[in-house]
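We did not get these values from a lab; they are worked out from the coordinates using the rules stated. In this text the structure is predicted, and so the values were computed from the model without any measurement. Cβ placement follows ideal geometry from the backbone for every residue including glycine, while neighbour counts extend to all protein chains displayed.
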Amino acid sequence: MNRVDKTEIINSIQERLSKAKHILIVSHVRPDGDAIGSLLGLGLALQNAGKSVQMVLQDGVPASFRHLPGSEQIQKEAQDGWDTFISVDCADHKRLGRGFETLAKPDINIDHHITNGLFGTINLIEGEEVATASILTNLLPQLGMQITAPIASALLTGIVTDTLGFRTANTTPASLRQAAELMEHGAELASLYTRALVSRSYPAARYWGAGLSSLERTKDLVWGTLTIADRKTAQYGGNDDADLINIISALEGSKVGMIFVEQNDRHVKISWRAIADGIDVSKVAKHFNGGGHAAAAGADIPGALSEVQPLVLQTTREMLGLA
């Protein structure tokens, strides 16, 4: 995006928000730290600017992010009466969840996924940024909004989680400076890092055990599987992988790591991670109507686990040239 285009887009966002009174902000199903941090960061800033704001996540807030100020305001369903619809950190309208995919397109779409379908009326998509929270860290002051300590904590959580604690290859000096800026606004890096990336509940640890026991490997590919039964046995309350994919993608000797998570609605959630340099897993995710980045991507595929898994493994090998 060139500077002229970006300036025009930001001006359009500012004009749209100046007219808005009741704002609905939504992010994707099975939200991660960037979805929650971006939702809260923008939502709290708009509230401070005098707007009425609904913040909605179909799947609610995972326990590991409920310490963030304002998280108690996030609802699972939208109420009528909004005049402006904003999506954050979501590459596909359908991933906003049930009840939103049939709505008119968002008035404003803010995201950093290179696979974003430009499904908003106004689209601010910056694929070079490490997180949507990074975009908002720059955007809020440009819109004349103050970054308070609660907003800084939300945004820093988004940056920390999407960079895996500043360990991803797309981490830049600029993203580190953003983190320093947010710390200056009152965010406590050490505690946010620990809460988001280190601390795990006992059920999550048991859930990890099931996933690690399931590991399989070929020459270039390593993957794990988490079933509904695993989730029930571990008494894990989420429907995600509890970030087990980060452990799988740290294993040496493979080029791509994957995890398959069986869902209650006869779907399978798949996450891909590029372990070796030069591999773009987003094209595989996009093939299955998912999205993401070259190094990290995901998709939600209808069907039974026994049917979906072999198909996805075969397609992943073929599209990425893996053994």
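One table, with the values for the structure above:
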quantity: Cross-link partners of Lys105 among aspartates and glutamates (Cα-Cα below 14 Å; sequence separation of 8 or more within a chain); calculated: Asp83, Asp92
quantity: Most mobile listed residue (Val88, Val312, Val256) in the chain, GNM with C-alpha springs under 10 Å; calculated: Val312
quantity: Computed label-point distance, nm, for sites Leu103 and Asp277 using a 7 Å Cα→Cβ extension; calculated: 4.3
quantity: Radius ratio Rg over Rh of the chain, counting only Cα atoms, Kirkwood formula for Rh; calculated: 0.95
quantity: 18 Å Cα-Cα threshold exceeded, pairs from Lys219/Lys255; Lys51/Lys94; Lys19/Lys51; calculated: Lys51/Lys94
quantity: Rel. contact order, % - alpha carbon contacts under 8 angstrom, at least six apart, the chain; calculated: 13
quantity: For Ile147, net neighbour charge (Lys/Arg +1, Asp/Glu -1) across residues whose Cβ lies under 11 Å away; calculated: -2
quantity: Largest-first principal axis extents of the Cα set of segment 202-320 (Å); calculated: 38, 30, 22
quantity: Shape category assigned to segment 206-252 from the gyration tensor of Cα positions, a/c cut at 1.5; calculated: prolate
quantity: Inter-label distance, nm, simple model (7 Å from Cα along the C-beta direction), Thr233/Arg217; calculated: 2.2
quantity: Cα-projected label distance for Leu118 with Glu184, points at 7 Å along beta-carbon direction, nm; calculated: 3.5
quantity: Residue of Ala297, Ala196, Ala205 that the Gaussian network model of the chain assigns the largest fluctuation, springs spanning Cα pairs under 10 Å; calculated: Ala205
quantity: Potential extension, Gln79-Glu8 segment - 0.36 nm per residue separation minus Cα distance; calculated: 22.4 nm
quantity: Length-normalised contact order of segment 1-153 in % [C-alpha pairs under 8 Å, at least 6 apart]; calculated: 26
quantity: Protection proxy ranking, peptides 257-263, 131-137, 17-23, average beta carbon neighbours within 10 Å, highest first; calculated: 131-137, 257-263, 17-23
quantity: Summed residue charge, Cβ within 13 Å of Pro310's Cβ, Lys/Arg positive, Asp/Glu negative; calculated: -2
quantity: From the C-alpha gyration tensor of segment 159-225, square roots of 5λ in Å; calculated: 31, 18, 5
quantity: Length added when fully stretched, Ser306-Ser52, from 0.36 nm per residue minus Cα-Cα; calculated: 86.8 nm
